[in-house]
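The values are calculated or read from the model by the stated rules, or taken from the named source; none is laboratory data. Treat the numbers as computed from the prediction; the structure is a model and nothing was measured. Cβ: placed from backbone, ideal geometry, glycine included. Neighbour counts: every protein chain shown. For the accessible areas, the whole protein counts, side chains as well, though only heavy atoms, and no ligand, DNA or RNA atoms are used. Shrake-Rupley method; radii C 1.70, N 1.55, O 1.52, S 1.80 Å.
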Amino acid sequence: MPDYSSAGKTELSDFENQEQFLLHAKGEIVHVLNDLAKKPDIMTGYFDNGRQYILTVVLKVLADRNLLVLDCGPDDQANEALIRAGRLLCITKHNRIHIKFALSGIKRARYQGQPVFAAPLPETVFRLQRREYFRVKTPLLTPVTCEVPWAGNARAELPVLDIGHGGLALLDRERAYSGELFVVLEDCGLYLPDFGELRLDLEVRNIVPQQHKGGKGTQRLGCAFRQLPMNKSAAIQRYIHQLQIAQKSRTD
């Protein structure tokens, strides 16, 4: 068997040091795991401090029993070694999203007549969408707004058209912003429904004029977050995930 010790240790280190991408709410964790069960993607499960691994998939999420059911690997010796280790770090990519979670208390079980592994649901799930500029459209019924500073002491509240891990887009209905690119708008107030207001800095990265019927013109300001603290990044990540769950439920 290849030596995956270094890879396993590196993945575990990443998992522990990127708190802003960890999901803690049980509902969010169950949603992610159910997605893995509906469209099973091969996961690599590292154990024994990364020195050994198995390939497995999520078979079932038993949320009411707080259990996760995994497929057994084809190597009986590796399966036995995993049971002795009792801990597994699962790593996969699902819909271009990197997912990792740790399981403890793993035991043998049977599911639909087949031998499986069963373990308590993970307390956290690491979920990282690496596409910094991936954006989710904000809902019209529960709008997201952002208060930004204009020239002098003036401030304006602008609608947020979409939001992502790296930034957001603002609708400037009056084309009030006449500044240049890469200007930093300091101390903006981003309001996220159910999450409250976040004070942060935005850097203007692109300006797109838009012409509408009747000759009225607006512009779209594409902005990047600047030096976003971990707790605010985590709040935005949770809000985006909440939007994705709501949008997916409407299409299922």
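Structure notes:
- Residue selection: Arg108 fails the criterion of being within 30 Å of Thr56 (Cα to Cα) and surrounded by 15 or more Cβ atoms within 10 Å (Cβ to Cβ).
- Scanning the range 181-200 for residues that are of a type in the set (D, E, K, R) and touching a residue at least 12 places away in the same chain (Cβ under 8 Å) returns Glu186, Asp187, Asp194, Arg199.
- Hey, Leu70 under 15 Å from Gly45 (Cα atoms), open to solvent by 10 Å² or more (accessible area, probe 1.4 Å) and not in a helix (DSSP H, G or I) or not: no
- One residue stands out among those in the range 169-195 that are among the hydrophobic types (A, V, I, L, M, F, W, C), open to solvent by less than 50 Å² (accessible area, probe 1.4 Å) and in contact with a helix residue (DSSP H, G or I) (Cβ under 9 Å, 6 or more places away or on another chain): the one that is farthest from Phe225 (Cα to Cα), which is Leu192.
- Of all residues in the range 57-79 being polar (S, T, N, Q) and over 17 Å from Arg110 (Cβ atoms), the one that is modelled with the highest pLDDT: Asn66
- Selection count where residues are within 28 Å of the chain's Cα centre (by Cα), on the phi < 0 side of the Ramachandran plot and either in a loop (DSSP other than H, G, I, E, B) or surrounded by 13 or more Cβ atoms within 10 Å (Cβ to Cβ) (or both), scope the range 83-105: 15
- Arg135 among the charged types (D, E, K, R), open to solvent by 10 Å² or more (accessible area, probe 1.4 Å) and modelled with pLDDT under 90: yes
- The range 145-194: number of residues that are closer than 19 Å to His241 by Cβ, at pLDDT 95 or above and either of a type outside the set (A, V, I, L, M) or not in a strand (DSSP E or B) (or both): 1
- Here Val61 fulfils each of the conditions (1) out of contact with any Lys or Arg (no Cβ under 8 Å at 6 or more places or on another chain); (2) over 16 Å from Val125 (Cβ atoms); (3) buried (at least 21 other Cβ atoms within 10 Å of the Cβ) apart from (2).
- For the range 114-127, a residue qualifies if it is out of contact with any Asp or Glu (no Cβ under 7 Å at 6 or more places or on another chain) and open to solvent by less than 50 Å² (accessible area, probe 1.4 Å), and the qualifying residues are Phe117, Ala118, Ala119, Leu121, Pro122, Thr124, Val125, Phe126, Arg127.
- Residue tally, condition touching a Pro at 6+ places or on another chain (Cβ under 8 Å) and β-branched (Val, Ile, Thr), over the range 55-102: 2
- Of the residues making up the range 28-49, those that are of a type in the set (Asp, Glu) and farther than 22 Å from Leu82 by Cβ are Glu28, Asp35.
- Gln219 in a helix (DSSP H, G or I) and at pLDDT 85 or above: no
- Checked against the criterion of being of a type in the set (D, E, K, R), within 28 Å of the chain's Cα centre (by Cα) and over 26 Å from His24 (Cβ atoms), the candidates Glu147, Glu80 yield just one match: Glu147.
- Hits in the range 13-34 (condition: at pLDDT 90 or above and open to solvent by less than 40 Å² (accessible area, probe 1.4 Å)): Ile29, Val30, Val32, Leu33
- Residue match in the range 226-236 (condition: open to solvent by 60 Å² or more (accessible area, probe 1.4 Å), basic (Lys, Arg) and at pLDDT 85 or above): yes
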